[in-house]
Amino acid sequence: MQVIESIAQHAGAMAALRRDLHAHPELRFEETRTADVVAQQLTEWGIPLHRGLGTTGVVGIVHGRDGGACGRALGLRADMDALPMTESNTFAHASRHVGKMHACGHDGHTAMLLAAAQHLAQHRDFDGTVYLIFQPAEEGGGGAREMIKDGLFTLFPMQAVFGMHNWPGMLPGQMAVSPGPVMASSNEFKITVCGKGGHAAMPHTGIDPVPIACQMVLAFQTILTRNKKPVDAGVISVTMVHAGEATNVVPNTCELQGTVRTFSIEVLDLIERRMRQVAEHLCAAHEATCDFQFVRNYPPTINAAPEAAFARQVMESIVGADNVVEQEPTMGAEDFAFMLQAVPGAYCFIANGDGTHRDIGHGGGPCTLHNPSYDFNDALIPLGATYWVRLAQAWLARA
C-alpha cells in the first residue's frame, strides 16, 4: 500500500479531528460547528474558501504551481452531516448530543478530505485547481442539489467531480469503483384510499378501504414481475399501513406509504406511472377514490465510464489491482447523484472493515451504516487522503 508519507505523519492529528467531529454531530443544514472546523483548518493551511453554498457548505480552492492558469479543475467532495439517531457507543468520542450521531461516517469523509487538503496546499505539485467540496445535508436534505442551485458549478467550473464513501464489510485496504449505476434513486409515495366508513357488522352499507389497500399492495408487486423487464432492477416496498381507530368501525380511509428504488430514470417513470394507474383503477373498481402522491428525492448515482476507469487506475497504483474490487450496486441512495448529473465523475467505496477497529465501549450491534454501534475506521484516513491526492495529481496531469 503506497500511502503518502507526509499524510501518514499527520494521521494521529487527523484521527483526533475526526473523533472531535464524531463527538459533536450536526444534522442536515445545521452543520455550523463542523463548517467552522473545516474553514479554520483550510485557512490555517492558506487555502482560500467560500462559505454558504447549500446553507452551510464550504468550498476550498487549491491552485497548483501555475496558480490555476491552465484552466483544468476537478472537484473532490465530502459530506458533513450526521443522522437523527441516538448512539449506543460509550467510548470517549461518542456523541455528546442525544438523538444525533455520525452513524454513516461523514465525520471520516470530512477528515479524509481535510488530510488531502493539507498535503495539496503544502506541496502544490500540480497544474490547475482542486476544489474541495464539503457538502451539508446528504442525509435526506439534498445538500448537493442545494449547493448546485446556489452556483457550485458556475462559481467553480470543473471538468470532473469525485466522491467517496466508506463501506463496512469490505476488507481493510480494499477499494471499489465501477462504471454505471452504483446507487439507486430514492423515492417515496403516500396513497390514501378513500372509502366510506360505517359499522363493521354492516360492511355493505359503506365502502371498506382496507381490502382495497391490501389488493393494492399485492398488485404493486406485479409491476416489478410483469411490467418491468426482468433484467432491470427495481424495488417497491410498502412500509406503512395506517387505518382505523376501533375494532367495530370500518374506517373512512386507509393510508399506504413506502419507497421505490431504481437504477434508471426510465424504470422509475414506468413504476410511478403503473402505480398510479393500479391505485386509481383499483379504487374505481370498488367505488372508492384515492389521493396518490409520489415524491422523487434522489436520482440514481451513475458513474461515468471514463472517470470510473481513471479512478480504478489510481486505486490500483496505491493498493494494487488485487485490492480494487468490483463495486456491487446497492439500493441505498446518495445525493452525490445530483453532482454526477451536472458534471462527469465517479463515486467509489473504501473499505471500513468488520468493526474490530472500534474502541472499547462500542455498542453491541454491528459496525454497519446507520447502526447505533457504528464507528468510522480511522486507519482509512491516510489511505483515503492519498487516493484524493493521487487522483487530483493524475487527473490534472492529463494532456
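When TRP45, TRP388, TRP395 are ordered from fewest to most other Cβ atoms inside 10 Å of their Cβ, what list results?
TRP45, TRP395, TRP388
What order do you get for ARG261, ARG226, ARG18 when you list them from fewest to most C-beta neighbours inside 10 Å?
Least crowded to most crowded, the residues run ARG226, ARG261, ARG18.
Count the DSSP beta bridges whose two residues both fall in the chain, then state the antiparallel fraction as a percent rounded to the nearest 5.
Among the beta bridges of the chain, antiparallel pairing accounts for roughly 65 percent.
Could you work out how far apart the two model spin labels at ASN248 and GLN313 are, taking each label as a point 7 Å from the Cα in the direction of the beta carbon, and quote it in nm?
In this crude spin-label approximation the distance works out to 7.7 nm.
Pull the list of the chain cysteines that no other Cys approaches to under 4.7 Å, Cβ to Cβ.
Cysteines of the chain left without a disulfide-compatible partner: CYS70, CYS104, CYS194, CYS214, CYS254, CYS348, CYS367.
Amide H neighbours of VAL161 under 5 Å, counting only residues 5+ apart in sequence or on other chains, H built in-plane at 1.01 Å?
GLY75, GLY345, ALA346
Rounded to the nearest 500, what is the chain's calculated 222 nm mean residue ellipticity when only DSSP H runs of at least 4 contribute -39500 (n - 2.57) each, over all residues?
Using -39500 (n - 2.57) per qualifying helix, the result is -10500 deg cm²/dmol.
Any chance you could check the Cα centroid distance between the range 370-399 and the range 14-35 for me, in angstrom?
The range 370-399 and the range 14-35 have Cα centres spaced 18 Å from each other.
Applying a 10 Å radius around every beta-carbon, put 151-157, 183-189 in order of their mean neighbour count, most first.
Per-residue mean Cβ counts within 10 Å order the peptides as 183-189, 151-157.
Note the listed values [x] 37, 21, 20; [y] 44, 23, 19; [z] 48, 23, 18, then indicate which one is semi-axes √(5λ) of the Cα gyration tensor in Å calculated from this particular structure.
It is the one labelled [y].
Read the figures in this text as sums done on the coordinates, not as results from a lab. Quantities reported herein were computed from a predicted structural model and do not represent experimental measurements. Please note: Cβ atoms are built from the backbone with ideal geometry, for glycine as well, and neighbour counts cover all protein chains shown.
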